[in-house]
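Some notes on the structure that comes next.
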Amino acid sequence: MEKIRLIDGSVHEVTRAEITNGRLEVDFQGRDAEELQDTFSVPALLTNIELLTENEEKIGDVPGWTVYGGVMTLGNTKTVILTKALDMTEQRLTNAEARAIAANTAAEVAKTMSTETATQVTDLQMAICELYEGMEV
C-alpha cells in the first residue's frame with residue numbers, strides 16, 4: 001500500500017495514484033466518498049501531492065492537480081479524479097493559498113517546539129535550584 005501527503009501534512013493510504021487520460025486518479029480502500037470529497041475539494045491542499053512509500057519515505061511529487069473532478073466507486077474502491085486548472089489566475093490564487101497553509105503548519109510545529117523547549121529550560125532551572133539547596137550553599 002502506498003501513501004500520499006498533501007500540503008497540510010496529512011498522510012493518506014492509497015492503493016493507486018496514476019495519471020491516466022489527462023487526469024490524476026487516486027484509489028482508496030474503505031474510505032467514505034463524502035470524506036474524500038471534503039479533503040480533495042480544497043485546491044490549495046493539492047498543489048503538490050507527495051508520493052510516499054509504506055514507511056512514508058518520499059519517492060516523488062505530483063504537482064498541479066488541483067481541480068477536483070469527483071469520486072468514482074467500484075466495490076470497496078473509491079477513485080478520486082483530479083485535473084489541472086487551466087486559468088492562470090486560479091493557479092496563482094491556489095498556489096498562494098497553499099503557501100499560506102504550509103506556513104501555518106510550520107508555525108504550529110515551531111510553536112509546539114518552543115513550548116517544549118521552554119518546559120525543558122524550566123525543568124533544568126528547577127533541578128539546579130534543588131542541587132544548590134541540597135548543597136546548602
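The values are calculated or read from the model by the stated rules, or taken from the named source; none is laboratory data. If you're wondering where the values come from, they're calculated on a predicted model, not measured in any experiment. Glycine gets a Cβ as well: all are built from the backbone with ideal geometry, and neighbour counts include every protein chain shown. Calculation scope for accessible area: heavy atoms of the full protein, side chains included, ligands and nucleic acids excluded. Shrake-Rupley method; radii C 1.70, N 1.55, O 1.52, S 1.80 Å.
Add +1 for every Lys or Arg and -1 for every Asp or Glu among the other residues with Cβ under 12 Å from the Cβ of Y68, and state the total.
Net charge around Y68: +1.
Name the lysines eligible as straight-distance cross-link partners of K78: C-alpha to C-alpha under 18 Å, and not fewer than 8 places from it in the same chain.
Filter leaves K3.
Over every pair of different alpha-carbon atoms in the chain, take the mean of 1/r and invert it; report that Kirkwood radius in Å.
Radius from the Kirkwood sum: 17.5 Å.
Have a look at A98, G64, L86 and report the one farthest towards the positive end of the charge dipole of the stretch 1-117, computed about the Cα centre with Cβ charges (Lys/Arg +1, Asp/Glu -1).
With unit charges placed on the Cβ atoms, the residue in question is L86.
Looking only at K84, K111, K58, which one moves most when the chain is put into a Gaussian network model with springs between Cα atoms under 10 Å?
Highest fluctuation of the listed residues: K111.
Starting from the 7 Å offset along Cα-to-Cβ, what nm value, one decimal, do you get for the label separation of S41 and M113?
3.6 nm
Return one whole number: the accessible area per residue of the chain in Å², for a 1.4 Å probe.
With all protein chains present, the chain gives 64 Å² per residue.
Search the structure for amide H atoms under 5 Å from the amide H of R31, placed 1.01 Å from N in the peptide plane, and list their residues when 5 or more places away or on another chain.
Here K78 satisfy the definition.
Rounded to whole Å, give me the distance from the Cα center of the stretch 1-71 to that of the stretch 89-105.
If you average the Cα positions of each part, the centres end up 17 Å apart.
Divide by every residue of the chain the summed helix terms, -39500 (n - 2.57) for each DSSP H run of at least 4, and state the resulting mean residue ellipticity at 222 nm, rounded to the nearest 500 deg cm²/dmol.
About -14500 deg cm²/dmol.
Please return the longest stretch of the chain lacking exposed loop sites, where GluC sites (Glu not before Pro) count only if DSSP places them in a loop and at most 12 other Cβ atoms lie within 10 Å.
Between the exposed loop sites, the longest stretch runs 58-135.
Quick check: net charge around N48, other residues with Cβ under 14 Å of its Cβ, Lys/Arg +1 and Asp/Glu -1?
After counting each charged neighbour, the total is 0.
Determine the dipole magnitude for the chain: charges of +1 sit on the beta-carbon of Lys and Arg, -1 on that of Asp and Glu, nothing else is charged, the reference point is the Cα centre, and the result goes in debye to the nearest 20.
Dipole size: approximately 760 debye.
Would you mind telling me the share, in percent, of accessible area of the stretch 39-137 contributed by carbon and sulfur at probe 1.4 angstrom?
Taking all protein chains in place, the stretch 39-137 shows 59 percent carbon and sulfur surface.
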